[in-house]
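Engineer: Take this structure first; my questions come after.
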Amino acid sequence: MVFRSQLSLWRVLFVLVGVVAGFARLLPALPDFDFTRAGENPAWEATHHVGELVAGKDGLVIPITGADPFITSPRLDLAASRELVVELRMRSAVGGRGQLFWFREGASEEASAHFEVGTNVWTDVCVAIPAGGAGWRLRLDPPGTEGTVELAWLRISESGARGIAKVAATSTGMELSVVGVSGDFDWVELLPHEDLAEAVGREFVPVKDWPSDGRGTVPRFVTEGGRERDRLTSGFVVRTRHPVLGVRPVGAVRHVEEFRGVAVLPTAPLRATGKKGLQVQMVDDALALGIRHAALNVDLPALWDGAGAADSYVWKSNGREFRFRKAAVDAIPVKPLSDAGISVSLILLAYASGDTNRDGLWLHPKYDVKAPNRLGAFNTATAEGAAHYAAVIGFLADRFSQVDGRHGRVSHFIVGNEVTAHWHWANMGDVPADEFIREYVRTVRLTHAAARSVTDAIRVCLSFDHHWNLTYGNQPTRAIAGRRLIDEFNRVARAGGNFEWHLAYHPYPEDLFQAATWKDKTAKPVPETPRITFRNLGVLTAYMGRPELKFRGEVRRVLLTEQGFHSDGTPAGEALQAAAYAYAWMKVDAEPGIDAFILHRHVDHGHEGGLNLGLWRRKPDSIADPSTRKPIYDVFVAADTPRREEAFRFALPIIGITNWSEVLP
């Protein structure tokens, strides 16, 4: 019987292998246009504001004749089992910004990627695009309005099928898995702020005796200029020799996606036993409220001590010392919260200070001083900015992950605030959506790697507002629809090496001044919904369950880290606010994919545009000094206790229902 069972198992395996192999044979070879080959027929169309395409010795010559030049590919079959990467090399007489579109019937900004091309130098570009099928086309918009552009090649492959397929890190080494490369090759390390274009000009030294299975290990730590540097946050790319144009990168830049015994602190994660949370203003009151989650804003530039005070905290990162202000660090009230078993999330922010040196170091180089809230995207685009950012992440991870909990414990780093509306909350100027997304991926990846160098116990989260298929203010260079951001972030991140990230979402009512979120008209029960609020919260958790968004087969977690309900100062308005919280709690409690519901605010705040979102009223002549409790306070206390049914009963007629099952999935 054992033999027969084993034989049956082998038959099943052979069938599965045959099915997979058959499926692979059904997929056509992906397009590979090498315009340097003699007599190569370009098969591309000179579509708009370009002259006749000519096959030159170094590639396809594109004469530009107007303000909006672009060429279009023939119909292509882009069928694949995972996302694709498009590799191209271009030389422009004038340089500037190019753009690549992918489409079936018509090009759109949403399905495109921008890239920078140097002036009269060969520039290598690698763009992640979604897998498709038959009938797709590419449109290539070269930079400039005059002169000529040369296109050496444009190759399409499945992500990870050529070049470095995976990077794994151990306590001492970096394991690089090289695939799809024949002949001489080498590999190049790129620092966190560096991009693919910087990989070509370096000396080519072919690797010798690389293991036959493609998996070779190189040292994780290197010494440069007398300092030891950790490669954990770096990217890696393989290079080969091209017969016409010399050294060329192969595939995307890949980063660490597997961490094996890297963390130096053996701290177990601190996970909450419930979902109730608050953005805490008064610690003692928060403990009395029985919260299980707390979110704290941390202005990272304000922690940095550029003057080097004698009492500052010193942290060593990559052989350098970085200093952080003792008073500012000590003021982060993590310990009293985590000692009470509360899961603490730090919301990492970068406020403009007005100090030129500080702002230049910490704010993104494209930060616009007209940013309405003085909040910038982090500067991980320069060597010094990335070094300081990685240092503060490592410092905070170490401080708040000690095994003995001497400073308290942190469970999550939330990178930025509502970056979907990046002009307002993570400013790097007016930029195309895909450019902001690439920079955000860079920063979140660096956050994750720097934290993992210290501990496995902290999760890293993205921060979204409630706009799902809408953009805030309908300004495409200042805001991104949440659905697009999550899909493109995931695609870009996977192409560069998948890593663990989770989602901090803010499902405010569609109108922040109207607490009756159950009436939201733009919150529809479909993925195409304009907004996701508490009314259609299940759309978010269902979307996060899509296979391509999972990490190692697990659904990424969702935390609701900022949302609240307005009260207008009248008894009826305050009762409506309390009913809205009861409704929202019932919706959250029914969603197992949501870990936290963190209410904003603790106390009404005088600088929130007239919104009164607190559990407490504020004193009339103050900004946020507590005065008296509102009805929502008692509802909040009862939310996760046996008193909930009784405490929530008042809300049923306000909502217009007789039983909670009428609004639950």
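Engineer: Here is a list: Gly564, Gly573. Which entry is closer than 17 Å to Ile654 by Cα and either touching a His at 6+ places or on another chain (Cβ under 9 Å) or acidic (Asp, Glu) (or both)?
Structural biologist: Gly573
Matching residues to (1) part of a strand (DSSP E or B); (2) at pLDDT below 95; (3) surrounded by fewer than 17 Cβ atoms within 10 Å (Cβ to Cβ); (4) among the aliphatic types (A, V, I, L, M):
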| residue | (1), (2), (3), (4) |
| --- | --- |
| Leu13 | no, yes, yes, yes |
| Arg25 | no, yes, yes, no |
| Arg89 | yes, no, no, no |
| Gly106 | no, yes, yes, no |
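Engineer: I'd like to check something: does segment 179-198 contain any residue that is outside any loop (DSSP other than H, G, I, E, B), in contact with a Cys (Cβ under 8 Å, 6 or more places away or on another chain) and closer than 30 Å to Asp68 by Cβ?
Structural biologist: There is at least one residue in segment 179-198 that is outside any loop (DSSP other than H, G, I, E, B), in contact with a Cys (Cβ under 8 Å, 6 or more places away or on another chain) and closer than 30 Å to Asp68 by Cβ.
Engineer: Does segment 281-301 contain at least one residue that is more than 30 Å from Thr641 (Cβ to Cβ) and free of Cβ contacts under 8 Å to residues at least 60 places away in the same chain?
Structural biologist: Yes.
Engineer: Criterion first (touching a strand residue (DSSP E or B) at 6+ places or on another chain (Cβ under 9 Å) and within 17 Å of Tyr440 (Cα to Cα)) does Gly385 satisfy it?
Structural biologist: When the stated conditions are applied, Gly385 passes them.
Engineer: Please verify whether Ser234 is in the same structural domain as Ala451 (by TED's automatic domain parsing), surrounded by 15 or more Cβ atoms within 10 Å (Cβ to Cβ), of a type in the set (Ser, Thr, Tyr) and modelled with pLDDT of 95 or more, treating the condition exactly as stated.
Structural biologist: Answer is no for this residue.
Engineer: Name the single residue that is surrounded by the fewest Cβ atoms within 10 Å (Cβ to Cβ) among those in segment 302-314 being of a type outside the set (D, E, K, R) and in contact (Cβ under 8 Å) with a residue 12 or more places away in the chain.
Structural biologist: Gly308
Engineer: So is Val526 surrounded by fewer than 24 Cβ atoms within 10 Å (Cβ to Cβ) and touching a Gly at 6+ places or on another chain (Cβ under 9 Å) or not?
Structural biologist: No: the conditions fail for Val526.
Engineer: Here's another thing I want to ask about it. Would you confirm whether or not segment 612-625 contains a residue that is farther than 30 Å from Leu348 by Cβ and in contact with a strand residue (DSSP E or B) (Cβ under 6 Å, 6 or more places away or on another chain)?
Structural biologist: Yes; the residues of segment 612-625 include at least one that is farther than 30 Å from Leu348 by Cβ and in contact with a strand residue (DSSP E or B) (Cβ under 6 Å, 6 or more places away or on another chain).
Engineer: If you check every pair at least six apart or on different chains, which have Cβ atoms under 7 Å apart with a residue in segment 529-550 that is of a type in the set (Phe, Trp, Tyr) first and a residue that is not in a loop (DSSP other than H, G, I, E, B) second?
Structural biologist: The qualifying pairs are Phe534/Thr517; Phe534/Tyr583; Phe534/Ala584; Phe534/Lys587.
Let's see how each residue does on (1) hydroxyl-bearing (Ser, Thr, Tyr); (2) buried (at least 17 other Cβ atoms within 10 Å of the Cβ); (3) touching a residue at least 60 places away in the same chain (Cβ under 8 Å); (4) touching a strand residue (DSSP E or B) at 6+ places or on another chain (Cβ under 6 Å):
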| site | (1), (2), (3), (4) |
| --- | --- |
| Ala134 | no, no, no, no |
| Leu140 | no, yes, yes, yes |
| Gly144 | no, yes, yes, yes |
| Arg155 | no, yes, yes, yes |
| Ile164 | no, yes, yes, yes |
| Ser171 | yes, no, yes, no |
| Gly183 | no, no, no, no |
| Leu196 | no, yes, yes, yes |
| Phe204 | no, no, no, yes |
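Engineer: With the requirement that a residue be surrounded by 17 or more Cβ atoms within 10 Å (Cβ to Cβ) and either within 24 Å of Leu346 (Cα to Cα) or in contact (Cβ under 8 Å) with a residue 60 or more places away in the chain (or both), what does segment 552-566 give you?
Structural biologist: If the condition is that a residue be surrounded by 17 or more Cβ atoms within 10 Å (Cβ to Cβ) and either within 24 Å of Leu346 (Cα to Cα) or in contact (Cβ under 8 Å) with a residue 60 or more places away in the chain (or both), then Arg556, Arg557, Val558, Leu559, Leu560, Thr561, Glu562, Gln563, Gly564, Phe565 are the ones that fit.
Engineer: Let me confirm something: among Thr233, Thr267, which residue is in contact with a Pro (Cβ under 8 Å, 6 or more places away or on another chain) and either aromatic (Phe, Trp, Tyr) or outside any strand (DSSP E or B) (or both)?
Structural biologist: Thr233
Engineer: Given the structure, is Val444 in contact (Cβ under 8 Å) with a residue 24 or more places away in the chain, crowded, with 23+ Cβ neighbours inside 10 Å and either closer than 17 Å to Phe489 by Cα or in the same structural domain as Leu485 (by TED's automatic domain parsing) (or both)?
Structural biologist: The answer is yes for Val444.
Engineer: Given the structure, is Ala268 assigned by TED's automatic domain parsing to the domain that holds Val334 and farther than 30 Å from Gly201 by Cβ?
Structural biologist: no
Engineer: Residue pairs, Cβ under 6 Å, 6 or more apart or interchain, first in segment 376-405 and part of a loop (DSSP other than H, G, I, E, B), second among the aromatic types (Phe, Trp, Tyr) and at pLDDT 95 or above. List them.
Structural biologist: Note: pairs meeting the criteria are Asn379/Trp362; Thr380/Tyr389.
Engineer: Give me a count of the residues in segment 467-488 that are under 18 Å from Arg556 (Cα atoms) and crowded, with 20+ Cβ neighbours inside 10 Å.
Structural biologist: 6
Engineer: Still on this structure, I have one more. Identify all residues within segment 590-629 that are of a type in the set (Phe, Trp, Tyr) and surrounded by fewer than 17 Cβ atoms within 10 Å (Cβ to Cβ); write none if there are none.
Structural biologist: Within segment 590-629, none qualify.
Engineer: Out of segment 51-64, which residues are farther than 12 Å from Ala152 by Cβ and touching a residue at least 60 places away in the same chain (Cβ under 8 Å)?
Structural biologist: Pro63, Ile64 - these are the residues of segment 51-64 that are farther than 12 Å from Ala152 by Cβ and touching a residue at least 60 places away in the same chain (Cβ under 8 Å).
Engineer: Further question on the same structure: Which pairs do you get when a residue that is outside any loop (DSSP other than H, G, I, E, B), found in segment 211-230, comes within reach of a residue that is exposed (fewer than 13 other Cβ atoms within 10 Å of the Cβ) and among the basic types (Lys, Arg), reach meaning Cβ atoms under 8 angstrom, with the pair 6+ apart or on two chains?
Structural biologist: From residues that are outside any loop (DSSP other than H, G, I, E, B), the pairs are Arg227/Arg320.
Engineer: Moving on. If the Cβ limit is 7 Å and pairs must be 6+ apart or interchain, which residue in segment 512-527 that is within 15 Å of Leu576 (Cα to Cα) pairs with which residue that is acidic (Asp, Glu) and surrounded by 18 or more Cβ atoms within 10 Å (Cβ to Cβ)?
Structural biologist: Within 7 Å, the pairs are Asp520/Glu510.
The values are calculated or read from the model by the stated rules, or taken from the named source; none is laboratory data. Just so you know, these numbers come straight off a predicted model, no measurement behind them. So basically every Cβ, Gly included, is an ideal-geometry build from the backbone, and we count neighbours across all protein chains shown.
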